[in-house]
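A.B. asks: Take this structure, written in C-alpha cells, and hold onto it; I'll ask about it next.
The values are calculated or read from the model by the stated rules, or taken from the named source; none is laboratory data. Since we're looking at a predicted model, the values are computed, not measured. No Cβ is skipped: glycine too gets one built from the backbone with ideal geometry, and neighbour counts run over all protein chains shown.
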Amino acid sequence: MMRNKETDMTLEKRIETAIAENTDPFTTDADIRFFETEEWNAEKVILGAKMIGYFGAMIPLWEGEIVTIDRTYGSAMEEAKIKWDNGSHTWLLLSEINSGPTVNGSSIGYYTEEEFYA
C-alpha cells in the first residue's frame with residue numbers, strides 16, 4: 001500500500017504509518033524513524049527555495065536560494081547549490097539543510113526560510 005505524501009500532515013504521523021506498514025523483520029523502528037526524517041527534510045528542500053545561513057549572533061544572516069539540486073549519487077548524497085545574495089555559492093548535502101545544531105538556544109547552520117522563521 002502506497003502512502004499519499006500529500007495527506008501526511010506531520011512527520012510523526014508519517015513515521016507511525018511507515019512503522020505500521022513495515023513487513024521487514026530486520027528493519028527496526030529506529031531505522032524507519034531515521035530514514036523517514038531524512039526524506040521529510042529532503043522534501044522540504046526544493047529548487048528555488050529561499051535559504052538562510054545563520055552562523056551566530058554577531059554574524060549577519062546570509063540569504064540566498066537553491067539554484068541546483070544534484071541527485072547524481074543517489075538519495076544519501078543529494079546536494080543543493082545555494083547562490084547567496086553576496087554572489088558566492090555553497091554546495092551542501094540535502095541532509096545538512098534544516099538540521100544544524102542548537103547553540104545557546106539558536107540553531108546554527110543552513111535553513112530553508114520557512115524552517116528558519118517557523
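A.B. asks: If we keep just the residues of segment 56-103 that are in a loop (DSSP other than H, G, I, E, B), more than 22 Å from ALA118 (Cβ to Cβ) and of a type in the set (D, E, K, R), which is modelled with the lowest pLDDT?
C.D. replies: Let us first name the residues in segment 56-103 that are in a loop (DSSP other than H, G, I, E, B), namely 56-61, 71-74, 78, 85-88, 98-101.
Filter once more, so that each one left must be more than 22 Å from ALA118 (Cβ to Cβ): 58, 71-74, 78, 86-88.
Narrowing the set further to residues that are of a type in the set (D, E, K, R) leaves 71, 78.
Numbers: ARG71: 76, GLU78: 83.
Among them, the one singled out is ARG71.
A.B. asks: Out of curiosity, is ALA18 in contact with a helix residue (DSSP H, G or I) (Cβ under 6 Å, 6 or more places away or on another chain) and at pLDDT 90 or above? Spell out how you get there, then give the answer.
C.D. replies: Working: in contact with a helix residue (DSSP H, G or I) (Cβ under 6 Å, 6 or more places away or on another chain): yes; at pLDDT 90 or above: yes.
Spelling it out, ALA18 is indeed in contact with a helix residue (DSSP H, G or I) (Cβ under 6 Å, 6 or more places away or on another chain) and at pLDDT 90 or above.
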